[in-house]
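The values are calculated or read from the model by the stated rules, or taken from the named source; none is laboratory data. On a predicted model such as this, the values are computed, not experimentally measured, just so you know. Here the Cβ is made from the backbone with ideal geometry for all residues, glycine too, and neighbour counts use every protein chain on show. Remember, those area values only see protein heavy atoms, side chains included, never the ligands or the DNA or RNA. Shrake-Rupley method; radii C 1.70, N 1.55, O 1.52, S 1.80 Å.
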Amino acid sequence: MLRPPFIETPIEFLKGVGPAKAELLRAELGIFTFGDLLHHFPFRHVDRTKVWPIKELDDNLPYIQVKGVLSELKKEGKKGQERLSAKLSDSTGYIELVWFKVPGWLMDSLKPGGQYIAFGKPSLFRNIITLSHPELTTTENEVAETGLQPVYHTTEKMKARGLDSRGLTKHLRMLLANPELKLDENLPPNSISRNKLMNRHEAFRNIHFPQKIEALQQATDRLKFEELFFMQLKIVQLKNRNSRAATGVSFEKIGPQFNHFYETQLPFTLTEAQKRVLKEIRTNMRGGKHMNRLLQGDVGSGKTVVALMSMLMAVDNGYQACLMAPTEVLAQQHFKSISKMLEGMDVKVDLLTGSVTQKERRPILEALADGSLHILIGTHALIEDVVQFQNLGLVVIDEQHRFGVQQRYKLWTKNTQPPHILVMTATPIPRTLAMTLYGDLEVSVIDELPAGRIPIKTLHRYDRGMMVLFDFVKEQVRQGRQAYFVYPLIEESEKLDLQNLAEGFELVQHHFPEGEFKLVMVHGRLKPKEKEQAMQSFASNQSQVMVATTVIEVGVDVPNATVMVIMSAERFGLSQLHQLRGRVGRGGEQSYCILVTGDKMGNESRKRIKTMTETTDGFKIAETDLQLRGPGDIEGTRQSGLLNLKLANLALDGQWIELTRNEALQLLEIDPSLQKPENFATANFFEKYRTQKGDWGRVS
Ligand code: ADP
Ligand code: MG
């Protein structure tokens, strides 16, 4: 039988590990093999290269070590709350060592008068430098404790079984010292020399046990490069394949529907950005290549009409199109505005959502199957298997971040030839993240708002100023405008928040007395019909004030609404705040977004509110968002495998992403199928890498 490579040996066969510890390592950290253990990188190192003279210590220093003689060992306090303290002196002074909750063995093991090395974080206690819970070793062990010591994440369960950071250190030392361990190079020689990268084996040794800070840096750089390089290689390869695959349906002509719409139906002039994007889409869909395109455009930039005109291109070429929205409200709104824009034209549009009854469904599905229905608008309901098109040519997905990869993939398979895909998002994605998340998509950007828009004024107010605020909003409403009051809704505490909302509604009602004003309340628990009625009442200006949860976040379009009051704004994320703000500023009047918070706010909340009041640029906001939250929280990243990154940080490592992407591009340009002998190692490694992780890049 062929022996598996050394690196794939199950972890329990590492000397000193055994079945019990192996089970813990698997369960707690997902470490199954020797290789996995090597990839469990330390999250920091502590510097044990230097022994500090005691008089140089101050409480600003990180972990340090000192060497001295132990004295005045004493135990104080009641049983169960004992405190053990000692003095450690060198020729320059003394410090105090303290332990709370003293383990029984500690007191007995310490020998007053003995030489010790103490390691810990200095703090100041009654004006004496103190190390709490220091690591103490007698000087005989000194040899083992020099250099930069790795510190590893472990868990409580592991610590109880001796697998604390020190325990892991021991196992890693053992593994790295094994002469059978060979970590072969996997990067192309060109990339290594161009970027002066440390070789792979050295890098693994030095990321765990560096002798010097410089070596640690080089090792980290090298492994970070490797991590991002293979990710980019995969994305670039997908992109190359997609653009080479000539299997897309081809929309050769611009036909009567499109022209008629453009010349007589369009209620405004397109912005230059809309025109440019339409051209990009047109070129893409006529070439016979499959379109897989992301359309980015800030809220209010006019993506819907671009979607509609793209769908008309499909219709003119004998194909059907569909538009999928993340919520029922939004689907209905699209249906309404699109039906209106197409009024009098010979294009048939219908709506399919979860609340369409079985009876109503039948004719829709039939018309879809026989091709007499041209454009279908809907929610997730479109993905169901019973929904069969005669000839689907284009799928538009609005607000894509609400859809999972799986759902998108299902739409792909709705036609024998995959339909063109246009994914629209109002969440501007920072360039670095887009390159990774959507690296295989073409990107179009609407970077211009329709003319005549007046920039929204964004203000921050405190709860205690609500009275003044109500007066201001009332004044606006009396001038004929409409206003939103939005309350947060967090799923885990939905009940509580509904209560919040109900109380909020009462409060608002109190200030907008019935008779003069009409209010509606909208939240996720309403039945679709009720919700629809409320929305309708607001959209037609029968009611002037809407009190709502974030259900209105996406897509609601009421140009006469000019005030957006966001309550407990500190509880919303940046992109959510930006989306909500986008609900106003859609007409010709000055609009306001008012962020109401309590007096107490964390630093991050403060930063978010500040960002909002300082800029309306969605890209800047997204950039800040990424830095504040990290990519883990940004929608779309969870399925994408981006969270498996161990060393790179997408929020901070933009340059690394660009660098590795260029390297991947160059490699595939010179050696598209990685067949040159010098790239064999890279090809082999890549083959494993690709099959190991989910094929997420394909449909994002
Ligand atoms: P979003 O990109 O947020 O989906 P919409 O497509 O909903 O934006 O458009 C926002 C509003 O701007 C709509 O009322 C739409 O009719 C209007 N609009 C779109 N394009 C233009 C334009 N070129 N000129 C004027 N108004 C436009
Ligand atoms: Mg929209």
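List, in order, the whole-Hz ³J(HN,Hα) value for each residue of region 597-612 obtained from phi through the Karplus relation with A = 6.51, B = -1.76, C = 1.60 and θ = phi - 60°; use x for Gly and Pro.
Taking θ as phi minus 60°, the curve returns 9, x, 6, 8, 9, x, 4, 5, 4, 4, 5, 5, 4, 5, 4, 4 Hz for region 597-612.
Cβ neighbours within 10 Å, averaged per peptide: list 249-258, 414-423, 462-471 in order, most packed at the top.
On the way: 249-258: 17.7, 414-423: 20.3, 462-471: 12.8.
The peptides rank, most packed first, as 414-423, 249-258, 462-471.
In debye, nearest 20: dipole of region 457-615 around its Cα centre with unit charges on the Cβ of K, R (+) and D, E (-)?
Values: 21 positive and 20 negative charges, 72 e Å.
For region 457-615, the charge dipole is close to 340 debye.
Any of Lys348/Lys414; Lys610/Lys646; Lys170/Lys224; Lys289/Lys414; Lys121/Lys607 with alpha carbons more than 26 Å apart? Name them for me.
Working: Lys348/Lys414 20 Å; Lys610/Lys646 31 Å; Lys170/Lys224 24 Å; Lys289/Lys414 18 Å; Lys121/Lys607 31 Å.
Checking Cα-Cα distances, Lys610/Lys646; Lys121/Lys607 exceed 26 Å.
Which entries in the list Lys67/Lys87; Lys159/Lys182; Lys74/Lys111 go over 19 Å, if you measure between the two C-alpha atoms of each? Show your work: numbers first, answer last.
Details: Lys67/Lys87 12 Å; Lys159/Lys182 30 Å; Lys74/Lys111 12 Å.
Cα-Cα > 19 Å for Lys159/Lys182; rest within.
Sort 22-28, 589-595 for me by packing, meaning the mean count of neighbouring Cβ atoms within 10 Å per residue, highest on top.
Values: 22-28: 17.1, 589-595: 21.3.
Highest mean packing first, the order is 589-595, 22-28.
Using +1 on the beta carbon of Lys and Arg, -1 on that of Asp and Glu, and nothing else charged, what's the dipole of the chain about the Cα centre, debye to 20? Spell out each step's value before the answer.
Numbers: 89 positive and 83 negative charges, 168 e Å.
Here the chain has a charge dipole of around 800 debye.
Find, among the trypsin sites (Lys or Arg not before Pro) in region 78-179, those assigned to loop by DSSP (not H, G, I, E, B) with at most 11 other beta-carbon atoms within 10 angstrom.
On the way: sites: Lys78, Lys79, Arg83, Lys87, Lys101, Arg126, Lys157, Lys159, Arg161, Arg166, Lys170, Arg173; in loops: Lys78, Lys79, Lys101, Arg126, Arg161.
Taking region 78-179 and a limit of 11 other Cβ atoms within 10 Å, the loop trypsin sites (Lys or Arg not before Pro) found are Lys78, Lys79, Lys101, Arg126.
Which far-off residues, 5 or more places away or on another chain, put their amide H under 5 Å from the one on Gly371, with H placed in the peptide plane?
Gln390
Evaluate the distance, in nm, between pseudo-label points positioned 7 Å from the Cα of Lys359 and of Asn190 along their respective Cα→Cβ axes.
Each label point lies 7 Å from its Cα, and together they span 6.8 nm.
Could you give the accessible area per residue of the chain, probe 1.4 Å, as a whole number in Å²? Walk me through the numbers on the way to the answer.
Working: 33210 Å² over 700 residues.
Accessible surface, normalised per residue, equals 47 Å².
Along the charge dipole of region 45-149, Cβ charges K/R +1 and D/E -1, which of Ser123, Trp52, Gly80 sits furthest on the positive end?
After comparing all options, I get Gly80.
For the chain, build the convex hull from the C-alpha positions and give me its volume per residue in Å³.
Output value, Cα hull per residue: 223 Å³.
Give a quick list of GluC sites (Glu not before Pro) in region 137-225 that DSSP marks as loop, anything other than H, G, I, E or B, with at most 16 other Cβ atoms within 10 Å.
Glu180, Glu185
Would you mind putting 320-332, 30-42 in packing order, based on average other-beta-carbon counts within 10 Å, highest first?
Working: 320-332: 24.5, 30-42: 18.4.
Ranking the peptides 320-332, 30-42 by packing returns 320-332, 30-42.
Just the number, please: carbon plus sulfur as a percent of the accessible area of the chain, 1.4 Å probe, no ligands or DNA/RNA counted. Write down the numbers at each step before the final one.
On the way: 17100 of 33210 Å².
Looking at the chain in its full context, I get 51 percent from C and S.
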